[in-house]
1. If you check K70 against the conditions, is it surrounded by fewer than 18 Cβ atoms within 10 Å (Cβ to Cβ), out of contact with any Pro (no Cβ under 6 Å at 6 or more places or on another chain) and outside any helix (DSSP H, G or I)?
2. For the stretch 84-98, which positions are within 16 Å of the ligand (Cβ to nearest atom), buried (at least 18 other Cβ atoms within 10 Å of the Cβ) and farther than 18 Å from L21 by Cα?
3. All but one of (1) part of a helix (DSSP H, G or I); (2) under 25 Å from D28 (Cα atoms); (3) touching a helix residue (DSSP H, G or I) at 6+ places or on another chain (Cβ under 6 Å); (4) of a type outside the set (K, R) hold for I62, so report the exception by its number.
4. Is there any pair linking a residue in the stretch 1-24 that is at positive phi to one that is charged (D, E, K, R) and buried (at least 24 other Cβ atoms within 10 Å of the Cβ), with Cβ under 7 Å and at least six apart or on different chains, and which?
5. Do we have any residue at all in the stretch 6-13 that's closer than 20 Å to L130 by Cα and either exposed (fewer than 14 other Cβ atoms within 10 Å of the Cβ) or among the aromatic types (F, W, Y) (or both)?
6. Please go through (1) hydrophobic (A, V, I, L, M, F, W, C); (2) within 16 Å of F9 (Cβ to Cβ); (3) surrounded by fewer than 17 Cβ atoms within 10 Å (Cβ to Cβ) for A102 and return the number of the only condition it doesn't satisfy.
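Derivation of every value follows stated rules applied to the coordinates shown; laboratory data play no part. Nothing here was measured: the structure is a model prediction, and the numbers come from that model. Every residue, glycine among them, receives a Cβ derived from its backbone with ideal geometry; neighbour counts consider all protein chains shown.
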Amino acid sequence: MRNIVLIGFMGTGKSSVGKRLAQSLAWDFVDTDWVIGEVTNLSVTEIFRRHGETRFRSEEKIVVARLSQKEQMVIATGGGTVVDPLNLQALARNGIIVGLYATVDTILSRVGQKNERPLLKGTKEAIEELWSQRQECYAQADFTVDTSEKNIDEVVSEILARLERMTDDEFTRVSTH
Ligand code: S3P
């Protein structure tokens, strides 16, 4: 059984939606940032601060390769995970890729005040700039849901409805039961 992989910019709701989605399917949930934290025993912020982004990306790549071997899991990625095409390839080989989108204003209101994302510079312009650099990577998703005006349950329902409409019979059977 394939995985469901959530991709998208920081603050689009990948972790909270992923958790709830996994609950409704009775699947396991995993977040690549948490696994990196467990493996390294450091928070994402600490890895960036002590070792830099290159080290974070190499830990991320190892975690992605491992999780891509799993089945029937909801996987929330970090906002930069699929910037590396090899990560996306690995995840897509064994998973349906669901994109989450949110407007810049929504992203700012969700994460603007928190200081746990080393790459999030809290201005509208900086977010727009990084988003436009990554836009093509996020566009590789099988389908994308705009989370801006929705609560977690509404996003989960929309994802489930979209999955049911997909032609993958095996997956459809699981998601509807
Ligand atoms: C990053 C997003 C973060 C985390 C790291 C880098 C990015 O994950 O992986 O801070 O490059 O966009 P979230 O998208 O869960 O915040």
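1. Details: surrounded by fewer than 18 Cβ atoms within 10 Å (Cβ to Cβ): yes; out of contact with any Pro (no Cβ under 6 Å at 6 or more places or on another chain): yes; outside any helix (DSSP H, G or I): yes.
So K70 passes the test.
2. Answer for the stretch 84-98, where residues must be within 16 Å of the ligand (Cβ to nearest atom), buried (at least 18 other Cβ atoms within 10 Å of the Cβ) and farther than 18 Å from L21 by Cα: N87, L88.
3. I62 satisfies all of (1) part of a helix (DSSP H, G or I); (2) under 25 Å from D28 (Cα atoms); (3) touching a helix residue (DSSP H, G or I) at 6+ places or on another chain (Cβ under 6 Å); (4) of a type outside the set (K, R) except (3).
4. G8/K14
5. Restricting attention to the stretch 6-13, the residues satisfying the condition of being closer than 20 Å to L130 by Cα are 6-13.
Those still in the list that are either exposed (fewer than 14 other Cβ atoms within 10 Å of the Cβ) or among the aromatic types (F, W, Y) (or both) too: 9.
Scanning the stretch 6-13 turns up at least one residue that is closer than 20 Å to L130 by Cα and either exposed (fewer than 14 other Cβ atoms within 10 Å of the Cβ) or among the aromatic types (F, W, Y) (or both).
6. (3)
Table: residues versus (1) polar (S, T, N, Q); (2) surrounded by 13 or more Cβ atoms within 10 Å (Cβ to Cβ); (3) in contact (Cβ under 8 Å) with a residue 24 or more places away in the chain.
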{"position": "R117", "(1), (2), (3)": "no, yes, yes"}
{"position": "L120", "(1), (2), (3)": "no, yes, yes"}
{"position": "E125", "(1), (2), (3)": "no, no, no"}
{"position": "E136", "(1), (2), (3)": "no, no, no"}
{"position": "A139", "(1), (2), (3)": "no, no, yes"}
{"position": "I152", "(1), (2), (3)": "no, yes, yes"}
{"position": "S157", "(1), (2), (3)": "yes, yes, no"}
